[in-house]
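To start, the structure under review is shown below, and the notes come after it.
The values are calculated or read from the model by the stated rules, or taken from the named source; none is laboratory data. Bear in mind that the values here come from a model prediction, so they are computed numbers and not experimental data. Cβ placement follows ideal geometry from the backbone for every residue including glycine, while neighbour counts extend to all protein chains displayed. The area values use the complete protein model at the heavy-atom level, side chains included, leaving out ligands, DNA and RNA. Shrake-Rupley method; radii C 1.70, N 1.55, O 1.52, S 1.80 Å.
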Amino acid sequence: MSRSAAPLIAPEPVALRGAAWADYALIDSGDGKKLERYGGYTVVRPEPQCLWSPLRPAEWAEADAVFEAAGDEESGRWRLARPVPESWPMTWRRIGFEARLTAFRHLAVFPEHAANWEWIEARLARSTPAVKVLNLFGYSGIASLVAAAAGASVTHVDASRKAVAWARRNAALSGLADRPIRWICEDARKYVAREARRGARYHAIILDPPKYGRGPAGEIWRLYEHLPELVAVCVALLDESASFLLINAYSERISGLALAGLVAGAAKERGGLIEWGELALMETAGARGVGLSFFARWISS
């Protein structure tokens, strides 16, 4: 690796258009909402950017659950048209996980990330043995389990004890409970700062930070205020032979190109390539898609 070369930012964005898989589908969208299938259950959730009209309006009335927003689309309540269990199993490839109706409109899984899971799996398949992966804001652990299934030693960090417990259950569902995964319930900024003081190094780092959050001891996370420092520390934690750093963000005030610029500034002496763009989900019928988040990923040369 050239320690004097700045990374190259790709001149064009990448649009990662996620298609349906056996346990998930974006059936239709429109009028500010999405109609989706999670395993054997269909749900309707708010999505303000869906400014068009639905293509399959008759199917919306058959949804098992509808999220009714209160004030903004992130908070509200689920209205059930028929009984839905507290949780139910889903799979992506060999990874098993629980889906559930949460109080924040999502279902403990973000299906647009399947494009990232596929990329992580492929990238790790090309890496040397004994790869160490750090997954920050790991939530229900699917990216951690994808990395573990690919042979990596994983450190999974999330500030929520409930989320870490979900992730551990998902490891058991995936048959990966015996893999080398460290489950850490801690504020991400505190954890990486301590790792930096220890001189720890990782071959791959995954970040999926929220816009706002709280740590287990009341720590405050604000994306625009804290992300630059966090990315800088994460780059410092990358081993000389590191493979990648992947960051994903959900915010209407950010872009893939902005994330690429942030990573480039932090990794200015690491060389390599920074790809950037958008994660989207495509409807099962037709060519329409819903853009949902932005990403940037540094890849070693």
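Tabulated values for the structure
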{"read-out": "Boolean, A200 is outside any loop (DSSP other than H, G, I, E, B) and closer than 19 Å to E240 by Cα", "value": "no"}
{"read-out": "Residues (small (G, A, S), crowded, with 16+ Cβ neighbours inside 10 Å and either in contact with a His (Cβ under 9 Å, 6 or more places away or on another chain) or assigned to a loop (DSSP other than H, G, I, E, B) (or both)) located in region 203-236", "value": "G215"}
{"read-out": "Residue in region 70-81 that is out of contact with any strand residue (DSSP E or B) (no Cβ under 6 Å at 6 or more places or on another chain) and farther than 28 Å from E252 by Cα present", "value": "yes"}
{"read-out": "Tally of residues being hydroxyl-bearing (S, T, Y) and either in contact (Cβ under 8 Å) with a residue 60 or more places away in the chain or in a helix (DSSP H, G or I) (or both) across region 131-171", "value": "2"}
{"read-out": "Residue match in region 237-245 (condition: part of a helix (DSSP H, G or I), open to solvent by less than 20 Å² (accessible area, probe 1.4 Å), under 18 Å from L8 (Cα atoms) and touching a strand residue (DSSP E or B) at 6+ places or on another chain (Cβ under 7 Å))", "value": "no"}
{"read-out": "Single residue of A125, A148 found to be surrounded by fewer than 23 Cβ atoms within 10 Å (Cβ to Cβ) and more than 19 Å from V231 (Cβ to Cβ)", "value": "A125"}
{"read-out": "Count of region 17-45 residues which are open to solvent by 30 Å² or more (accessible area, probe 1.4 Å) and in contact with a helix residue (DSSP H, G or I) (Cβ under 7 Å, 6 or more places away or on another chain)", "value": "1"}
